[in-house]
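Here is the structure we will look at, set down as structure tokens.
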Amino acid sequence: MGLFGFGRKHAKKQAEEAVEESKELDESKDAEESAEKSDQTSQADHDEAEQSGKGPWDSLDSEAPDTDEYLDIGALMLPFLKGSELRLKANSQTGDVLGATITYGSSSLELEPFAAPKSLGLWDEVRADLLKANPSCKEVNGVFGKELTLPVKVKGKNLLTRVVGIDGPRWMLRGIFSGPAARGGKEKDVLDGYLADLVVVRGDEPLAPRDLVPMHAPITPNQRRGEAEDSESKDDESAQIPGRPEGPFDSDQQTEVKTTLSRGPMFSEVR
């Protein structure tokens, strides 16, 4: 009897200990889940902060990369990419540059900079228009935020393209990836990095939303340096003109200066 009674007390004690251990396990599990959620939140915040520091960049951004060795095509300053080729799309009648395409390996990236409103971005609106116009278009999350995958038919074949849009101060840059860069792999990583290093030069010209920001034929870093040296040389020559009058010009001298400047070299049309 006493042995039976001892067994009941022992069983009761074991049950109480099991309940206590269960509580401790639950508390430990809750603590681990809370820590895991906290880590995930911290990682998400880190990723978001890291993404916000990525390009493409505005030319007036203090953190924008140095463009001394970039190719200048007007609205875009293009970084050097070994093994890549640049093609410009131009209007056959006016010669106006309408876009730039970077080819790398079997992939390409088409770039078009557009003017945008001061206060609102343009990509949400453009993306909605593309989704509405193309039933096969899908919206996905990508390196640069919301982007689209869009099959296009080229020479009877359906090819997948990836369309991204980045809003900046008074501009939106659209990039269209095709080839392997539209799916994944090394070429995608390389061209994603290329796009992230771009610098957009919006300029002060008043433009309506969705107008292309003006582009021009490429100017290399050496050409820019040569122009700067020529400008400095002309300034030095002007400063050393013998018999140059000091003080303000009279009306005759002012007229002569204006006439001389008006007969300067003409700009040739780019075709």
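Where a number appears in this text, it was derived from the coordinates with a stated rule and is not lab data. Since this is a predicted model, take the numbers as computed values, not measurements. Heads up, the Cβs are rebuilt from the backbone with ideal geometry, glycines too, and the neighbour counts pull from every protein chain shown.
A few points about this structure:
- Residues whose amide H comes within less than 5 Å of that of residue 99, counting only those at least five positions distant or on another chain, are 89 (H built at 1.01 Å from N in the peptide plane).
- For the stretch 195-232 versus the stretch 168-182, the gap between their alpha-carbon centres in whole angstrom: 18 Å
- Under the simplified labelling scheme, the residue 158-residue 91 pair shows an inter-label distance of 3.6 nm, with each label point 7 Å from Cα along Cα→Cβ.
- From phi via Karplus (6.51, -1.76, 1.60), per-residue ³J(HN,Hα) for the stretch 130-136 in Hz, x at Gly/Pro: 5, 5, 5, 7, 10, x, 7
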